[in-house]
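The values are calculated or read from the model by the stated rules, or taken from the named source; none is laboratory data. Only a predicted model underlies this, so the values are computations on that prediction, with no experimental measurement involved. Backbone-built Cβ (ideal geometry, glycine too); neighbour counts: all protein chains shown.
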Number of protein chains: 2
Amino acid sequence: MMVPVQVVGIGQCACDLIGALAVYPQVDQKSELQHLNIEGGGPVASALVALRRLDISCAIRGRIGGDDFGDRIRAGLVTEGVDCNGLYVDRNGSSQVAFIVVDDAGRRTIFCHRGNSRPLQADDIDPEQIAAARILHLDGQQSDAALAAARIARDHGVVTVLDGGTLRDQTWPLLPLIDHLVVSEAFARQYAGAGTPEQQLAQLLETGAQAAVITAGPAGCWGQEPGCAVQHQPAFSLPVVDTTGCGDAFHGGYIYGLLQGWGLVERMRFAAAVAALKTRDFGGRRALPALAEVEAFLSTQAQ
Amino acid sequence: MMVPVQVVGIGQCACDLIGALAVYPQVDQKSELQHLNIEGGGPVASALVALRRLDISCAIRGRIGGDDFGDRIRAGLVTEGVDCNGLYVDRNGSSQVAFIVVDDAGRRTIFCHRGNSRPLQADDIDPEQIAAARILHLDGQQSDAALAAARIARDHGVVTVLDGGTLRDQTWPLLPLIDHLVVSEAFARQYAGAGTPEQQLAQLLETGAQAAVITAGPAGCWGQEPGCAVQHQPAFSLPVVDTTGCGDAFHGGYIYGLLQGWGLVERMRFAAAVAALKTRDFGGRRALPALAEVEAFLSTQAQ
């Protein structure tokens, strides 16, 4: 019998190769990487890992290629205790791979290859698993499956959270089914045009979401619930080694807050702390904090 | 009983990840790779693959890490029929990995991580294998093993060829033991200072080599034997997809010519043809030609 998990995630799973160097090279140059860190990535997948560090049960649905990178992606999730029974393998497909170069200033240059694994289909999801979960987390990729899952979630009162990185054509039908729109500055601009966070949030809430949040890296984040004031949460300032996956960490922290029944301000503050603590080390996952670390960190910060 | 191979190579084995994109990104940007080609690399290793395509028996000595990349490196050589009995694995080490970005103009930007596998030691080589070979090919890496092997080669009349890419401290003791110095422009400049190819060749021949060649990409190559005139071989002009590994291909072609007993001019011409044909496809190895292809190509070119 299936044990229900608290959070089901559907999204793109990638293998990240993260190389560190002093100075990003000009075209046609050769440079030496000081580190090369290889690990799983992908917005939803890494958010689930953040949640696992906070001791939340999670399952992923996605598809990887039948290659070494796929093996690494799975191993990285299994090690963290993410349920991977729904992480399917396209034997003849190749996995998504991202090569991420981080310079001494913490700037990231990303080379991404999408691979050619078959996308997840609507019938690859498990309706019972979703109906039994408390939260469905989506990143707008694997869109057929995501849409089918969001409909099931809506029918069963399962809360839906979207990590909006880039607004794609296939994202639009998903938006009315999303309860928490937690999006990047780029997504907000694509959706609502140039404008203040306040203007953009007002438009984002027109989808019918219960809350909208715009994350803006070192500028912090802005969030709003319908009929309430816009809230701003500054980013916590820590010495940054690597910002890879900060957005994913933020989503993990935000979902943790939802599961605790916290209000928007508290969710954003906790999420910002998880994201800040993640920057302590290279890669999207290595420095993701345990709950006690987040609590200890927040206790040192002014409210 | 060991079957002697014609060419023994000692050098660095790497796994190359070669990504193709339209325009090389500025720092802090994200870009999409159109292709991602994963294959073995390393100067000597790829030269041996070039020789295998020309039906020459080869063995490699080197060390790889106990990781997926090491598995890929070995598989890439085994598939081509390179004897890998001397390709040792450092179970706890990581393999050398190079991420190579090729833009639409065919320019290559290289990010290299050396890994941390133990270097090959002098007692990791097989003196009998070297003594029984006709040619020992070195790239100046794995230097302790290379030096020991070059001494054995010298004692047994085995011809030594050095692929000089970068002149390192540990390359110097090797130089007097090298019969054919086939080096990059960068190496020639490091060794002989700025100057004409003629001036640089004169200095390179002071090591006692039987021939020195400087490869200069699209400018072709210059070569000389002691007491003879400098020869120039223009690069053959073909539509270039990717120049990765052209130098390695050149070395394979040059060594093939040595095995046939050809003179310097003929060796350089054949080597230039192998290098030109390699540029037809992505990666350092995919388009390496069979003998019939080289012969057919050369028959269409003016002598």
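What to note about this one:
- Yes/no for A:Gly195 being part of a loop (DSSP other than H, G, I, E, B) and surrounded by 16 or more Cβ atoms within 10 Å (Cβ to Cβ): no
- Considering the conditions (1) at pLDDT 95 or above; (2) farther than 21 Å from B:Ala272 by Cα; (3) of a type in the set (Gly, Ala, Ser), B:Ser184 is excluded by exactly one of them, (2).
- Pair list, Cβ < 9 Å and 6+ apart or interchain, from the range B:126-141 residues that are at pLDDT below 95 to residues that are of a type in the set (Ser, Thr, Tyr) and part of a helix (DSSP H, G or I): B:Gly140/B:Thr171
- The residue that is surrounded by the most Cβ atoms within 10 Å (Cβ to Cβ), counting only those in the range A:99-110 that are within 7 Å of chain B (Cβ to nearest Cβ) and hydrophobic (A, V, I, L, M, F, W, C), is A:Val101.
- Taken over the range A:1-48, the residue count meeting the criterion of being of a type in the set (Lys, Arg) and either in contact with an Asp or Glu (Cβ under 8 Å, 6 or more places away or on another chain) or in contact (Cβ under 8 Å) with a residue 60 or more places away in the chain (or both) is 0.
- Residue match in the range B:88-107 (condition: in contact with a helix residue (DSSP H, G or I) (Cβ under 8 Å, 6 or more places away or on another chain) and closer than 28 Å to B:Pro4 by Cβ): yes
- Number of residues in the range A:142-161 that are at pLDDT below 95 and surrounded by fewer than 24 Cβ atoms within 10 Å (Cβ to Cβ): the value is 2.
- Failed criterion for A:Gln260 (all others in (1) at pLDDT below 95; (2) surrounded by fewer than 17 Cβ atoms within 10 Å (Cβ to Cβ) hold): (1)
- Selection from the range A:101-123 of residues that are more than 14 Å from A:Gly41 (Cβ to Cβ) and part of a loop (DSSP other than H, G, I, E, B): A:Asp103, A:Asp104, A:Ala105, A:Gly106, A:Arg107, A:Asn116, A:Ser117, A:Arg118, A:Pro119, A:Leu120, A:Gln121
- Residue that is nearest to B:Arg189 (Cα to Cα) [pool: residues in the range B:124-170 that are of a type in the set (Asp, Glu) and in a loop (DSSP other than H, G, I, E, B)]: B:Asp139
- Residue within the range A:80-95 that is touching a Pro at 6+ places or on another chain (Cβ under 9 Å), away from every other protein chain (no Cβ under 14 Å), within 29 Å of A:Pro127 (Cβ to Cβ) and not basic (Lys, Arg) present: no
- Only one of B:Arg53, B:Arg74 that is within 14 Å of another protein chain (Cβ to nearest Cβ) and modelled with pLDDT of 95 or more: B:Arg74
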